[in-house]
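Since every read-out is calculated from the coordinates, none of them should be taken as a lab result. Note that the structure is predicted; figures quoted are calculated from it, not measured. Neighbour counts are summed over all protein chains in view; Cβ atoms, including those assigned to glycine, are modelled from backbone coordinates with ideal geometry.
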Amino acid sequence: SKHCVNLDNRTANVTVKPFELDMGFQFELHVTVSGKKINVSEIPELPIPRDWMRDKLELNFYKTEQAAGGGEIKNVTYNKGAGTAVITFLKPG
């Protein structure tokens, strides 16, 4: 856990210490389903970038074709201000 680092002709002794990362958020979604699109509402506002939330929504609704209600995602439209999203699948299901 102890290391010696050379920086600009100087030596620094450093010690590595473990730390915990804040991980994950858990929240409830309200969903309306049609053949090719899912309308998601009441998405809570979280302190994460918009594209991260879009990715989380895509991963949540993407499932293999053998799993009921999932499939390959064509598009995710996320409206952070309204707390809504529309998930569009490539194939109806």
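Which whole-Hz couplings ³J(HN,Hα) result when phi for each residue of the range 10-15 is put into the Karplus expression 6.51 cos²θ - 1.76 cosθ + 1.60, θ = phi - 60°, listed in order with x for Gly and Pro?
Couplings: 10, 10, 10, 8, 10, 10 Hz.
Excluding same-chain residues fewer than 8 positions from Lys91, which aspartates and glutamates have a Cα within less than 14 Å of its Cα?
Answer for Lys91, where 14 Å is the Cα cut-off: Glu65, Glu72, listed by chain and number.
Counting Lys +1, Arg +1, Asp -1, Glu -1, what net charge surrounds Val86 among other residues with beta carbon under 13 Å of its beta carbon?
With Lys, Arg at +1 and Asp, Glu at -1, the neighbours total +3.
Expressed as a whole number of Å, what is the distance separating the alpha-carbon centroids of the range 4-18 and the range 41-64?
40 Å
Can you tell me the order of 41-52, 78-89, 6-17 when each peptide is scored by its average per-residue count of other Cβ atoms within 10 angstrom, highest first?
78-89, 41-52, 6-17
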